[in-house]
Amino acid sequence: MLSYNESLKILKETNALLEGHFILSSGLHSNQYVQCAKLLSYPKQAEIICSSLCEKIRENCNKIDIILSPALGGVIVGYEIGRQLNVQTIFAERVNGKLVLRRGFNILSNQKVLVVEDVITTGKSALECFEIVANNKASLAGYACIIDRSDEKLLIKDKIISQLKFKINTYDEKELPPNLKKIPPIKPGSKNLNK
């Protein structure tokens, strides 16, 4: 199993964890930015991180019948975890703003479902996946993710199995620390035009 520092090193090497001055999609500023898609663009490094996460999942989950991930961010992580655990993997997609199963995917009643994400911050998408699990009369095996960024705003009350857990400090523009004021901000992320 990878240590925290070994995992952090891989995130930094793949530019999945950036340091500088960033304007987040919330409008808040931060000195760190996580883009798990960058890690997933390096299959070998992603496999190593997911292998370590699989060890933690095996320690914490007795039985998993199927893995459910929210599209788009969780699809690759869910697939890789499913591949390594030899468990069927499906994903939910947004239709009219709501996560639903499509493409002939289904969850059978009484199946044990592991919800897998790349990053959990508030837990909103993971909880939407749980609603799908509950609506199909299946049971939750747990929640797993590569990075747990959750804080006091976390909506999930169950334990989250993660490879890394850390808090990213955020600041209002009017309350920037002196070191951030010296760095020109950039606006990364999938919802922004800047790459």
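The values are calculated or read from the model by the stated rules, or taken from the named source; none is laboratory data. Bear in mind that the values here come from a model prediction, so they are computed numbers and not experimental data. Backbone-built Cβ (ideal geometry, glycine too); neighbour counts: all protein chains shown.
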Fill in the blank from the handout: Filter region 1-60 for residues that are of a type in the set (Phe, Trp, Tyr) and either part of a strand (DSSP E or B) or surrounded by 17 or more Cβ atoms within 10 Å (Cβ to Cβ) (or both); the one that is modelled with the highest pLDDT is PHE22
Practice task
Go through GLY123, GLY78, GLY82 for me and flag whichever is under 29 Å from ILE48 (Cα atoms), touching a residue at least 12 places away in the same chain (Cβ under 8 Å) and more than 13 Å from the chain's Cα centre (by Cα).
Solution key: GLY82
Exercise for the section: Please determine, by comparing only the residues of region 102-120 that are within 19 Å of the chain's Cα centre (by Cα) and more than 14 Å from ILE76 (Cα to Cα), which one is modelled with the lowest pLDDT. Expected result: ILE120
Exercise for the section: Answer yes if at least one residue in region 168-179 is among the hydrophobic types (A, V, I, L, M, F, W, C) and closer than 23 Å to LEU18 by Cα, and no otherwise. Expected result: yes
Practice task
Select from region 33-58 the residues that are of a type in the set (Val, Ile, Thr) and touching a strand residue (DSSP E or B) at 6+ places or on another chain (Cβ under 8 Å) and list them in ascending order.
Solution key: VAL34, ILE49, ILE57
Completion exercise
Within region 61-93, the residues that are under 16 Å from VAL119 (Cα atoms) and surrounded by fewer than 15 Cβ atoms within 10 Å (Cβ to Cβ) are ALA71, LEU72
Exercise for the section: Kindly establish whether VAL133 is under 16 Å from GLY73 (Cβ atoms), among the β-branched types (Val, Ile, Thr) and at pLDDT 95 or above. Expected result: no
